[in-house]
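> Let me give you the structure first, and then I'll get to my questions.
The values are calculated or read from the model by the stated rules, or taken from the named source; none is laboratory data. Since this is a predicted model, take the numbers as computed values, not measurements. FYI the Cβ positions are ideal-geometry reconstructions off the backbone, even for glycines, and counts take in every protein chain you see.
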Amino acid sequence: MERSAPIPPPGTPDAPEEQPKWRDDFPIDRPEDEYVARRDFTRFMVLVSGAFAVGQLWIAVQNWIRRGRGLPPRQRIARLDDVPVGGSLTFDYPTPHDPCVLVRTSESEVVAYSNQCTHLMCPVIPRPEENVLHCPCHAGWFDLSNGRPMAGPPRRPLPRVLLELRDGEIHATGMEVAAR
């Protein structure tokens, strides 16, 4: 590509030999200064696409690391005989700041949920005879069998505590947050 002569700025001599030497090295006023070659454009697009791909990979790796680290601990809650049929028990799981409620629904079945209403975090009250959990703050009702909202302002189900019965003892093994 043949280089054209610099276009002098207004108020300077017009002859190319009268222009300063630096103008040849820095062609800020040449017509080809605005020209972007396909190769340059492609290089830019590849670099930007690569940066986006690396960013997405970084997010995926961080999510995988968090998921592996975030397994809740196994925790003993109570003996099965300590909770009468139709009775309930409160406990904290997975941290001391997460209140939960356990309800014994039959001789061999227990269910447990977060004890905080999904509307405004008010404590829920188990009513096993009616097969519901009741939030007295705003008249919210949840189904005791699956934690889904039945009435009132709550729209999301209660997070369920995964339980395991072993040798007559009840153990919490994880949390399950159900989709709507």
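> Going by the structure shown, is VAL101 without any contact (Cβ under 8 Å) to a residue 40 or more places away in the chain, farther than 26 Å from GLU164 by Cβ, more than 19 Å from the chain's Cα centre (by Cα) and not in a loop (DSSP other than H, G, I, E, B)?
no
> Within the stretch 154-165, which residues are surrounded by 12 or more Cβ atoms within 10 Å (Cβ to Cβ) and either modelled with pLDDT under 90 or basic (Lys, Arg) (or both)?
Within the stretch 154-165, ARG156, ARG160 qualify.
> If the Cβ limit is 6 Å and pairs must be 6+ apart or interchain, which residue in the stretch 107-119 that is closer than 16 Å to ASP92 by Cα pairs with which residue that is buried (at least 16 other Cβ atoms within 10 Å of the Cβ) and of a type in the set (Gly, Ala, Ser)?
Pairs found: TYR113/GLY147; CYS117/GLY140.
> For the stretch 74-83, check the following and say yes or no: at least one residue is at pLDDT 90 or above, under 26 Å from the mean Cα position of the chain (by Cα), closer than 19 Å to LEU162 by Cα and buried (at least 18 other Cβ atoms within 10 Å of the Cβ).
Within the stretch 74-83, the first condition is being at pLDDT 90 or above, and the residues that meet it are 75-83.
Filter once more, keeping what is under 26 Å from the mean Cα position of the chain (by Cα): 75.
Okay, now just the ones that are also closer than 19 Å to LEU162 by Cα, so 75.
Of the ones still in play, those that are also buried (at least 18 other Cβ atoms within 10 Å of the Cβ) are none.
Within the stretch 74-83, not a single residue is at pLDDT 90 or above, under 26 Å from the mean Cα position of the chain (by Cα), closer than 19 Å to LEU162 by Cα and buried (at least 18 other Cβ atoms within 10 Å of the Cβ).
> Restricting to the stretch 125-173, give me the number of residues that are among the charged types (D, E, K, R) and in a strand (DSSP E or B).
The qualifying residues number 6.
> State whether the residues of the stretch 150-161 include one that is without any contact (Cβ under 8 Å) to a residue 24 or more places away in the chain and closer than 25 Å to ARG76 by Cα.
Keep residues of the stretch 150-161 that are without any contact (Cβ under 8 Å) to a residue 24 or more places away in the chain, which gives 150-151.
Now drop any that are not closer than 25 Å to ARG76 by Cα, which leaves none.
Within the stretch 150-161, none of the residues are without any contact (Cβ under 8 Å) to a residue 24 or more places away in the chain and closer than 25 Å to ARG76 by Cα.
> If I filter the stretch 85-98 for residues that are surrounded by 13 or more Cβ atoms within 10 Å (Cβ to Cβ), closer than 22 Å to LEU158 by Cβ and modelled with pLDDT under 90, do I get at least one hit?
Within the stretch 85-98 (the criterion being surrounded by 13 or more Cβ atoms within 10 Å (Cβ to Cβ), closer than 22 Å to LEU158 by Cβ and modelled with pLDDT under 90), the answer is yes, since at least one residue qualifies.
> Those residues that are surrounded by 10 or more Cβ atoms within 10 Å (Cβ to Cβ), within 17 Å of the chain's Cα centre (by Cα) and not in a helix (DSSP H, G or I), I need them from the stretch 41-73; list them, please.
Once the filter is applied, which keeps residues that are surrounded by 10 or more Cβ atoms within 10 Å (Cβ to Cβ), within 17 Å of the chain's Cα centre (by Cα) and not in a helix (DSSP H, G or I), the stretch 41-73 yields LEU71, PRO72.
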